[in-house]
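Single-structure report; data block below.
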Amino acid sequence: MSVKHMKESTGSRPIALFGTAHRHAAASYEGALAETRLRAALARERALRRQLDALAQQQQDSSNKLLAWRDEAAHHFAKLSRRQRQIMDMVLTGHPSKNIAADLGINQRTVESHRAAIMKKTGSKSLPALTRLAMAAAWSGVPDSESVT
């Protein structure tokens, strides 16, 4: 059927299958689709940014807790006397009380008393806990027993 025949049969303008109206509708649909995709991409970006901000905040909180723990450790070790630091260093290097007493020329019971005082002043319940605390204090810049006069 030709355009002339279509015009005569419909009594109006010819119907074009890919005319201007369809092109405008397709362009409008493509624009809306592009806008929808853009909005979705922006939403994903905002969600990722929120996740990154949350991770950064967790890292900052963790860092603050670590610094507080180090400061607390330094505070605990500042309470120790010179002799207690000396005994603590020997205990942390693995020397038994009997050997510490012999090396320092003091009674073994005195060494045990110093060890008990060290554990109490630092709040440590075990030798590994004391070791962790000593390491944290060392990171904080607390002087070791050799530099204390």
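The values are calculated or read from the model by the stated rules, or taken from the named source; none is laboratory data. Remember, it's a predicted structure, so these values are computed and weren't measured experimentally. Because the Cβ atoms are built from the backbone with ideal geometry, glycine has one as well, and the counts that use them run over all protein chains shown.
Can you list the helices (runs of 4 or more DSSP H) found entirely within segment 1-94 that contain at least 2 residues being more than 30 Å from residue 136 (Cβ to Cβ) and at pLDDT 85 or above? Before you say what the answer is, go through the steps one by one.
Values: elements: 3-10, 20-78, 82-92.
Passing ranges, in order: 20-78.
Which pairs turn up if I take residues in segment 66-94 that are in contact (Cβ under 8 Å) with a residue 12 or more places away in the chain and surrounded by 16 or more Cβ atoms within 10 Å (Cβ to Cβ) and look for partners that are of a type in the set (Phe, Trp, Tyr) and part of a helix (DSSP H, G or I) with beta carbon separation below 8 Å, at least 6 apart in sequence or on another chain?
70/139; 85/77
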